[in-house]
Amino acid sequence: MTRRARALLGAALAAALSAASGPAAAEALRAGVFDPPRPAPPFALRGSDGETLDLARYRGKLVVLAFGFTSCPDVCPTTLGVLASARKKLGARAADVQVVYVTVDPERDDAARMRGYLAAFDPTFVGGTGDPDALAAVREQYGIVAAKVAQAGGDGISHSSYTYLIDRAGRLRALVPYGRTADDYAHDLDILLRE
């Protein structure tokens, strides 16, 4: 793991600890916070919507950045289902929240496959894919670990399963561990939307 990936992972872990132990503000995020917020590492991938996928495209919106793959049997669909439910809880304000889902499986996840898969959860979700080296660079920037694992019925991928909340200015604000509820996401997104 590179120094940058270790630093980002260390910051992410510190963020998670700060949420668990720090003094609460009137409306504290439930996720681990980046204190201070820092710029989200930029990237450019092929978007499932046919456009170039980069974070600058979503300035002015909140971005929920997740990593996974379309053949995932449990964690990924659970996360995407929770994110879709959280957007519903936000009502009309969900128009200011963009879910970006970057694949860890470029061999199987082309733009068309990702578009169909994500549409089953929420048609506004946008996937990112590209060549393996480009995706590996994005994972490294965000401290995401992914490795092929043998499973019955074919190869699977074991990968980091947390998500990032990125504010309207393109700054990392929070790290959300796997297992948080739609209410937790909606709570934190609501706070960030009101900033």
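The values are calculated or read from the model by the stated rules, or taken from the named source; none is laboratory data. What you are looking at is a predicted structure, and each value in this text was computed from that prediction instead of being measured. Backbone-built Cβ (ideal geometry, glycine too); neighbour counts: all protein chains shown.
Looking only at segment 41-53, decide whether some residue is in contact with a strand residue (DSSP E or B) (Cβ under 9 Å, 6 or more places away or on another chain), of a type in the set (Ser, Thr, Tyr) and not in a helix (DSSP H, G or I).
yes
For segment 83-110, what are the residues that are part of a helix (DSSP H, G or I) and buried (at least 21 other Cβ atoms within 10 Å of the Cβ)?
83, 86, 87
Criterion first (buried (at least 16 other Cβ atoms within 10 Å of the Cβ), part of a helix (DSSP H, G or I), hydrophobic (A, V, I, L, M, F, W, C) and modelled with pLDDT of 95 or more) does residue 66 satisfy it?
For residue 66, the condition - buried (at least 16 other Cβ atoms within 10 Å of the Cβ), part of a helix (DSSP H, G or I), hydrophobic (A, V, I, L, M, F, W, C) and modelled with pLDDT of 95 or more - is not met.
In segment 140-164, how many are in a helix (DSSP H, G or I) and under 16 Å from residue 79 (Cβ atoms)?
Going through segment 140-164 one residue at a time, the tally reaches 1.
Quick test for you: out of 78, 129, 124, pick the one residue that is among the hydroxyl-bearing types (Ser, Thr, Tyr), modelled with pLDDT of 95 or more and in contact with an Asp or Glu (Cβ under 7 Å, 6 or more places away or on another chain). Talk me through it step by step, then tell me what you get.
Numbers: 78 fails: in contact with an Asp or Glu (Cβ under 7 Å, 6 or more places away or on another chain); 124 fails: in contact with an Asp or Glu (Cβ under 7 Å, 6 or more places away or on another chain).
Selected residue: 129, the only one of 78, 129, 124 that is among the hydroxyl-bearing types (Ser, Thr, Tyr), modelled with pLDDT of 95 or more and in contact with an Asp or Glu (Cβ under 7 Å, 6 or more places away or on another chain).
For residue 79, which of the numbered conditions (1) polar (S, T, N, Q); (2) in a loop (DSSP other than H, G, I, E, B); (3) crowded, with 23+ Cβ neighbours inside 10 Å fails to hold?
(2)
Name, by its number, the condition in (1) at pLDDT 95 or above; (2) part of a helix (DSSP H, G or I); (3) of a type in the set (Lys, Arg) that does not hold for residue 30.
(2)
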